[in-house]
Each structure stands twice: as C-alpha cells, then as structure tokens.
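The values are calculated or read from the model by the stated rules, or taken from the named source; none is laboratory data. Just so you know, these numbers come straight off a predicted model, no measurement behind them. We place every Cβ from the backbone using ideal geometry, glycine too, and count neighbours over all the protein chains shown.
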Amino acid sequence: MILRHDFPDIHWLKHHIKRRFNLLTTSQDKATPNGWPTVLLHVNTQQTYRQGIRGPFSLFYNLKGTSQVRVDGYSAAVRPGFFFLTNEAQTYDLEIPHFAETFNIHFGEQLIGEVQTYLAQRLPYLLDHPVFENERPILFFNRIYPQSPAIRRLIGQIHYQSQINDLDPIWLEEKLYELLLCLLLLTQKDRLKIDQLPLLKRSTRAEIFKRLSLAVDLIYATYDQAITLEELAASAYFSKFHFLRLFKVAFGQSPYQFISAIRIEKAKEWLRYTDWPIHLIATNIGLENTSSFSRLFCQKTGIYPAAFRKQYRK
C-alpha cells in the first residue's frame, strides 16, 4: 500500500504502468507484485490535469471542491458526498480546475483479484487454490454514486487513520475489502435496475440504463441549480415521454422525486453537522426561500428543519 500527498509525476507514472510496476519498491526495499499496487491519494491541490492514465479499479472522491473525471468520452463532475468509479485498465483523465482536497483510492490488482476469486468460487476451491488466478474482471458502471452511510463510514475511517499516520496494513486491507463489498452491492443493484427495464435484450437494457445514468450524473452535479426536464431527457438522448417512463421504472421514482430526495439528504447532513442558518441551507440545495424548503422538508420527513436540528442535537 502506498499513501501519497501529491500526484506523482505523470511521466514517471506512465513509465511504471508500462512496466506493470515490477521495478517499484516499498520503503522496506521489497519489490511490489507486478501490476498496480494499492494507492491512497490524499492531495490538496489548486489545479491539476492528469491525462491518459491507464489505471486500476479506482474510486474518485473529494473532501472539498470538485474534480472532473473523463473516461470513454464521458466527463463526470465529482462533488463532495459523491464518488465516481473507473474500471481496471480503463484510460482516464483527471482535471481539477480549482482548489480541491481529493481522497482517491486506487485498488491494487492483487487485492481486486483476491476479492474476485473469493466471490466467484466456493470455499473448497479456495482451500485448494489459495493464490489468485486471473479471471474475467469485475466491471462497474462508470457513473456518479452518492455515498451510502456504510461507504461514508469506511472512507472516513481510512482517511482519519491516514491523517494520523496510523495505517496498519492488516487493518487497511480489512477496510478495503469491506469497501469493495459495498461497491459490489451497488453494481448488483444497478444490474437489478437493468433487469426491470421493459425491453427484450439485456444488451439493450444495459445501454438504456447507461443513458439514464447520464441524466442521474447531471442531477448529482447540479441538484442545487435550476434544471429542466428537457435538459435531463436530452442528456440521456430520450424524448421527455420516454425519459419519464424509463427513469421511473429504473429508479423507482420520478426525476422530481429523485432530486427532492437528494436535496433533503444534503439538508439533513448540514442540519446535523453545521450551524448554518436555515435560509443558507435552503439556498445551498437550490430552493428559492426558507418557506419552500421548510414545506418540502416537512413533507418528506414529517418534521420541520429547525425541529429536526434540535431533535438531533439533544
């Protein structure tokens, strides 16, 4: 495992990627296994652009600020509270146009392989074949995900231990295994959503879900701004009618309900952990005034914002 507080020189990095890191050594002067090692990148940066990196399975996450990740011709804006996934051997670009504090996790190939083998095989097989054997890689959808409570907790724990320089290798590996299992559950849920779409061929359903995910990414990037149904439908390359119908089937709620749920979750977070006045929270989730926010919050939670904050802090 490698913890860095700066982005490595791009030419150095591409040099080692080509050689599968077989020349890289750890601080104990022991050669790492061929392939990407596990790397935690906790970096404060004003501006950076990293182009054409053929990376491992990676989780892009920001504690502050926004980054842009581009993969396969698609660009996603990653804000705090959300993360983006790229697959092993995908080539990505990372751009940070302004200040951001990143906490990106690049999962080592050996770690991913061991998890994949564990999930794919029964216990008797593992007892006879304890060493990872290269199988088909697990593929995740390239899209923005909101952090679940479990993922928030795990990333928070890893980040905290890295801050105090207390990353025990066994502890870290356990946490990374837990995090990978949480991510696998997310992609399993995505596949269940695909199966719900009313189309005959699975390949067609997968393409429809991929296009719907473009609209979801746009929502996550702009939930605090005014956005129209026409813009959401256009981002997914659907007419409004087809977009509304397919979105509700895939995600179990309408676009308006989806956006409202995100706004309420962000409001809950700020009510719990900040002393921001109610009108500032309303503005930060994209609502025009305190009254609109209070009505929506009460409608969704059964309690008004001020009472929620008071109840949480008892």
With the structure loaded, tell me whether Leu212 is under 19 Å from the mean Cα position of the chain (by Cα) and assigned by TED's automatic domain parsing to the domain that holds Leu229 or whether it fails that test.
yes
Is it true that Ala233 is closer than 30 Å to Arg205 by Cα, of a type outside the set (Asp, Glu) and surrounded by 14 or more Cβ atoms within 10 Å (Cβ to Cβ)?
yes
Consider segment 279-314. How many of its residues are crowded, with 18+ Cβ neighbours inside 10 Å, touching a Phe, Trp or Tyr at 6+ places or on another chain (Cβ under 9 Å) and either of a type in the set (A, V, I, L, M, F, W, C) or at pLDDT below 90 (or both)?
6
Between residues in segment 93-113 that are assigned by TED's automatic domain parsing to the domain that holds Ile10 and residues that are in a loop (DSSP other than H, G, I, E, B) and basic (Lys, Arg), which pairs lie under 9 Å by C-beta distance while being six or more apart or on different chains?
Glu109/Arg20
Check segment 170-192 and report whether any residue there is more than 28 Å from Ile112 (Cβ to Cβ), of a type outside the set (Val, Ile, Thr) and assigned to a helix (DSSP H, G or I).
no
Conditions (1) out of contact with any Leu (no Cβ under 6 Å at 6 or more places or on another chain); (2) not in a loop (DSSP other than H, G, I, E, B); number of the one not met by Ser162
(1)
Quick check: is even one residue across segment 137-146 of a type in the set (S, T, N, Q) and closer than 17 Å to Gln110 by Cβ?
no
Please indicate, with yes or no, whether at least one residue in segment 275-292 is aromatic (Phe, Trp, Tyr) and assigned to a helix (DSSP H, G or I).
no
What about Val115, is it aliphatic (A, V, I, L, M), modelled with pLDDT under 85 and assigned to a loop (DSSP other than H, G, I, E, B)?
no
Could you tell me which residue of segment 216-235 is farthest from Ile264 (Cα to Cα), considering only residues that are touching a helix residue (DSSP H, G or I) at 6+ places or on another chain (Cβ under 6 Å) and of a type in the set (Ser, Thr, Tyr)?
Ser235
Set Gln51, Gln46, Gln28: member being at pLDDT below 90 and under 26 Å from Thr222 (Cβ atoms)
Gln46
Cβ pairs under 6 Å, 6+ apart or interchain, first in segment 219-242 and within 19 Å of Tyr145 (Cβ to Cβ), second part of a helix (DSSP H, G or I) and of a type in the set (Val, Ile, Thr), ordered by first then second residue, are Ile219/Ile259; Tyr223/Ile259; Tyr223/Ile262
For segment 58-76, enumerate the residues that are among the hydrophobic types (A, V, I, L, M, F, W, C) and surrounded by fewer than 17 Cβ atoms within 10 Å (Cβ to Cβ).
Leu63
For residues that are in a loop (DSSP other than H, G, I, E, B) and of a type in the set (D, E, K, R), tally how many sit in segment 67-101.
3
Just one of the numbered conditions (1) at pLDDT 85 or above; (2) within 22 Å of the chain's Cα centre (by Cα); (3) assigned by TED's automatic domain parsing to the domain that holds Asn62 is not true of Ala206; which one?
(3)
Would you confirm whether or not segment 240-259 contains a residue that is touching a Lys or Arg at 6+ places or on another chain (Cβ under 7 Å), closer than 18 Å to Lys193 by Cα, surrounded by fewer than 19 Cβ atoms within 10 Å (Cβ to Cβ) and not aromatic (Phe, Trp, Tyr)?
yes
Can you tell me which of Gln196, Gln188, Gln157 is surrounded by fewer than 17 Cβ atoms within 10 Å (Cβ to Cβ), over 21 Å from Thr102 (Cα atoms) and in contact (Cβ under 8 Å) with a residue 12 or more places away in the chain?
Gln196
Could you list, in sequence order, all residues of segment 54-66 that are under 26 Å from Lys18 (Cα atoms) and either at pLDDT 95 or above or not in a loop (DSSP other than H, G, I, E, B) (or both)?
Arg54, Ser58, Leu59, Phe60, Tyr61
